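> Structure below; questions to follow.
The numbers here are math on the coordinates, done by the rules we state, and not lab data. Everything quoted here is computed from the prediction, not taken from an experiment. Here the Cβ positions follow ideal geometry from the backbone for every residue, glycine too, while neighbour counts run over all protein chains shown.
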Amino acid sequence: MSNHTILAEKIKEIARRKNAIILAHNYELPEVQDVADLTGDSLALSIQASETDADIIVFAGVHFMAEAASIVCPDKKVLFPVPDAGCAMADMLTPEELIKKKEELAGVPVVTYVNSTAEVKALSDICCTSANAIQVVKWTGADEVLMTPDRNLARWVARHTDQKIHYWDGYCPVHDNLTVNAVKEAKKAHPNALLLAHPECPMEVLELADAVRSTSGMLVFASKSDAEEFIIATENGLLHQLRKQNPDKKFYPASADMICHDMKKTTLEHILAALEREVPVVKVPEETRIKALRAVQRMMDVPRDAG
Ligand code: 13P
Ligand code: SF4
């Protein structure tokens, strides 16, 4: 038996005994995705966290995702195995900066991407994810909105609405670094492949894409499509899930450099240790949580097909 199999069995046994559920983002290491009870994008994982009757949630992802679980599940213990697994984009907007920006744009509703800290969510009117950003912005019905913290997602949304979009100049280094040249090289190498891109990529890349989707959106697109080959412009951890769910199709990374090192920090050993010791815990302070929950709840109440 391989080391991964032994660890996975131990993890599953303790999780069963303690009524714990393991959630893993689509960018996590393959063996971590495989041990999880549920994998998904940020929206799916928030919804699943809110619906579970487990006593403990083990979150394999980055810090804002564990915070999101704590926001929607205050009565559950949220274990976050590697406390310094962060998101560079979420760190690009502080609460102080957002307060200042809100003063400049008095009265303009703030739509905040879930890739943000709980404190920033608490200062926002509504959250969005890459899976629902266009619907959420339209749903506000406002003539202008401020989108934070991702400029690329904001520019993408601006293409799909007449509303005026102000945006914070944050970005994901993993996606923002993808160049048109790299994409053109990948297309040249795989001329029959469709290009699926995440909205965190720069606009010049999105303009070349056959479809722009969240990570789970790419999984749905690839399995429903008649095409047999796909170039994937997002963090390369998604390739594991794409290949697992579509063994007869071929998936190529748009660039081998699309690695989020924070998403690779969590190992099976970390998950086992967290489950055994029931630490480290992420718990959003109640005052912040209530305000952040309002923004997250509003997002969850937006019909999936709105807009
Ligand atoms: P998804 O919500 O599409 O999974 O994206 C999360 C993320 O961190 C993208 O970099
Ligand atoms: Fe944050 Fe980018 Fe990593 Fe996603 S891929 S968690 S946006 S740094």
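> Exactly one of these conditions fails for Glu119: (1) assigned to a helix (DSSP H, G or I); (2) within 15 Å of ligand 1 (Cβ to nearest atom). Give me its number.
So Glu119 meets the others, but not (2).
Results for (1) closer than 17 Å to Tyr27 by Cα; (2) touching a Ser or Thr at 6+ places or on another chain (Cβ under 7 Å), shown as yes or no for each residue.
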| site | (1), (2) |
| --- | --- |
| Met203 | no, no |
| Leu208 | no, no |
| Ala227 | no, no |
| Thr234 | yes, yes |
| His240 | yes, no |
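> So for the stretch 148-156 (the condition being in contact (Cβ under 8 Å) with a residue 40 or more places away in the chain and assigned to a loop (DSSP other than H, G, I, E, B)), does at least one residue qualify? First the steps, then the outcome.
To start, the set of residues in the stretch 148-156 that are in contact (Cβ under 8 Å) with a residue 40 or more places away in the chain comprises 148-150, 152-153, 155-156.
If we keep only those that are assigned to a loop (DSSP other than H, G, I, E, B) as well, we get 149.
Taking every residue of the stretch 148-156 in turn, at least one turns out to be in contact (Cβ under 8 Å) with a residue 40 or more places away in the chain and assigned to a loop (DSSP other than H, G, I, E, B).
> Within the stretch 180-207, which residues are acidic (Asp, Glu) and away from ligand 1 (no atom under 14 Å from the Cβ)? Don't jump to the end; show me each part of the working.
Step one: of the stretch 180-207, the residues acidic (Asp, Glu) are 185, 200, 204, 207.
Residues satisfying the conditions are Glu185, Glu204, Glu207.
> Any idea which residue in the stretch 172-198 is farthest from Met147 (Cα to Cα), counting only those that are within 11 Å of ligand 2 (Cβ to nearest atom) and buried (at least 21 other Cβ atoms within 10 Å of the Cβ)? Give the derivation first.
Initial filter on the stretch 172-198 (within 11 Å of ligand 2 (Cβ to nearest atom)): 172-177, 198.
Retained after the next criterion (residues that are buried (at least 21 other Cβ atoms within 10 Å of the Cβ)): 172, 174-175, 198.
Values: Cys172: 15, Val174: 20, His175: 18, His198: 17 Å.
Filtering first and then ranking leaves Val174.
> For residues in the stretch 167-179 being of a type in the set (A, V, I, L, M, F, W, C) and not in a helix (DSSP H, G or I), which is nearest to ligand 1 (Cβ to nearest atom)? Reasoning before the result, please.
Within the stretch 167-179, the first condition is being of a type in the set (A, V, I, L, M, F, W, C), and the residues that meet it are 168, 172, 174, 178.
So of that shortlist, the ones also not in a helix (DSSP H, G or I) come out as 168, 172, 178.
Details: Trp168: 16, Cys172: 5, Leu178: 12 Å.
Looking at the filtered set, the residue picked out is Cys172.
> Before we move on, is Val157 within 16 Å of ligand 1 (Cβ to nearest atom), among the aliphatic types (A, V, I, L, M) and touching a helix residue (DSSP H, G or I) at 6+ places or on another chain (Cβ under 9 Å)?
Values: within 16 Å of ligand 1 (Cβ to nearest atom): yes; among the aliphatic types (A, V, I, L, M): yes; touching a helix residue (DSSP H, G or I) at 6+ places or on another chain (Cβ under 9 Å): yes.
Here the answer is yes, as Val157 does meet what is asked.
> Does the stretch 252-284 hold any residues that are hydrophobic (A, V, I, L, M, F, W, C) and either within 19 Å of Ala69 (Cα to Cα) or buried (at least 22 other Cβ atoms within 10 Å of the Cβ) (or both), and which are they?
Step one: filter the stretch 252-284 for residues hydrophobic (A, V, I, L, M, F, W, C), giving 254, 256, 258-260, 263, 268, 271-275, 279, 281-282, 284.
Matches in the stretch 252-284: Ala254, Met258, Cys260, Met263, Leu268, Ile271, Ala274, Leu275, Val279, Val281, Val282, Val284.
> Also, quick follow-up: Restricting attention to helices (runs of 4 or more DSSP H) lying wholly within the stretch 1-106, give those where 2 or more residues are within 16 Å of ligand 1 (Cβ to nearest atom).
Numbers: elements: 3-17, 30-35, 42-51, 63-72, 95-104.
The qualifying helices (runs of 4 or more DSSP H) are 30-35, 42-51, 63-72.
> Could you list all residues from the stretch 207-229 that are buried (at least 20 other Cβ atoms within 10 Å of the Cβ) and farther than 21 Å from Gln33 by Cα?
Of everything in the stretch 207-229, just one residue is buried (at least 20 other Cβ atoms within 10 Å of the Cβ) and farther than 21 Å from Gln33 by Cα, namely Val212.
> Read through the list (1) assigned to a helix (DSSP H, G or I); (2) within 18 Å of the chain's Cα centre (by Cα), then give the number of the only condition that Ile259 fails.
(1)
> Taking the condition of being within 16 Å of ligand 2 (Cβ to nearest atom) and outside any loop (DSSP other than H, G, I, E, B), how many residues in the stretch 262-273 meet it?
From the stretch 262-273, those within 16 Å of ligand 2 (Cβ to nearest atom) are 262-266; that's our starting set.
Pick out the ones that are also outside any loop (DSSP other than H, G, I, E, B) and you get 262-264.
Looking only at that region, the number is 3.
> Does Ala186 qualify as being small (Gly, Ala, Ser) and touching a helix residue (DSSP H, G or I) at 6+ places or on another chain (Cβ under 8 Å)? Break it down into steps so the answer makes sense when it comes.
Values: small (Gly, Ala, Ser): yes; touching a helix residue (DSSP H, G or I) at 6+ places or on another chain (Cβ under 8 Å): no.
No, not satisfied.
> On to the next question. Go through the residues of the stretch 228-243 one by one and say whether even a single one is more than 14 Å from ligand 1 (Cβ to nearest atom) and out of contact with any strand residue (DSSP E or B) (no Cβ under 7 Å at 6 or more places or on another chain). Outline the logic, then answer.
Here is the first cut: in the stretch 228-243, the ones more than 14 Å from ligand 1 (Cβ to nearest atom) are 228-231, 243.
Those left that are additionally out of contact with any strand residue (DSSP E or B) (no Cβ under 7 Å at 6 or more places or on another chain): none.
No, the conditions are met nowhere in the stretch 228-243.
> Could you grab the pairs with beta carbons closer than 9 Å, sequence gap of 6+ or different chains, first residue in the stretch 62-91 and of a type in the set (Lys, Arg), second one within 16 Å of ligand 2 (Cβ to nearest atom) and not in a loop (DSSP other than H, G, I, E, B)?
The qualifying pairs are Lys76/Ala69.
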